[in-house]
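Undergrad: First the structure, which I've put down as structure tokens, then a few questions once you've had a look.
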Amino acid sequence: SIKNILMYLQSAPTAMYKARDIADGMGATSKGVSGAMRKLVTDGYVEKVGKDPVVYMITEKGKNVVFNEGEEE
């Protein structure tokens, strides 16, 4: 889910990731992660840096999102 991806990126050791890296790190499919990343970019939580390969970087807005326990469950 988008929440899980953002939480993963917030705790990630490096700043930039390819969708496949995120998927591998989370045990998800890269197709699912790619779709969620598009929404995160549109909403301003993540930005796209570079094109070949596409690399994503969490924004300040993304870093500062706080999720309440039990949200989205």
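The values are calculated or read from the model by the stated rules, or taken from the named source; none is laboratory data. Note that this is a predicted model, so its numbers are computed, not measured. Because the Cβ atoms are built from the backbone with ideal geometry, glycine has one as well, and the counts that use them run over all protein chains shown. Quick note on the areas: whole protein, heavy atoms, side chains included, nothing else; ligands and nucleic acids left out. Shrake-Rupley method; radii C 1.70, N 1.55, O 1.52, S 1.80 Å.
Undergrad: List the lysines whose alpha-carbon lies under 24 Å from that of Lys3, not counting same-chain residues fewer than 8 positions away?
TA: Lys18, Lys31, Lys39, Lys48, Lys61, Lys63
Undergrad: In addition: For the stretch 49-60, take each phi angle, set θ = phi - 60°, evaluate the Karplus expression 6.51 cos²θ - 1.76 cosθ + 1.60, and give the result in whole Hz per residue in order, putting x for glycine and proline.
TA: Each residue of the stretch 49-60 in turn: 10, x, 10, 9, x, 5, 10, 10, 9, 5, 8, 4 Hz.
Undergrad: Which order do Asp52, Asp24, Asp43 take when ranked by solvent-accessible area (1.4 Å probe, heavy atoms of all protein chains), largest first?
TA: Sorted descending by solvent-accessible area, the residues read Asp52, Asp24, Asp43.
Undergrad: Which loop-located chymotrypsin sites (Phe, Trp or Tyr not before Pro) does the stretch 1-72 contain, where loop means any DSSP state but H, G, I, E or B and the Cβ has at most 14 other Cβ atoms within 10 Å?
TA: The qualifying sites are Phe67.
Undergrad: With a probe of 1.4 Å, find how much accessible area the chain has per residue, and write the answer as a whole number in Å².
TA: For the chain, the per-residue accessible area is 67 Å².
Undergrad: Something else about it: Just reorder Met16, Met37, Met26 by solvent-accessible area, largest first, 1.4 Å probe, all chains present.
TA: Heavy-atom accessible area, descending, gives Met16, Met26, Met37.
Undergrad: Moving on to the next point. Sequence gap at least 6, Cα distance under 8 Å: using those rules, report the relative contact order of the stretch 11-68 to the nearest whole percent.
TA: It comes to 32 percent, rounded to a whole number.
Undergrad: Measuring from label point to label point, each 7 Å out along Cα→Cβ, what is the Thr14 to Lys48 span in nm?
TA: 2.1
Undergrad: For the chain, with all protein chains present and a 1.4 Å probe, just round the carbon and sulfur fraction of the accessible area to a whole percent.
TA: Carbon and sulfur atoms account for 50 percent of the accessible area of the chain.
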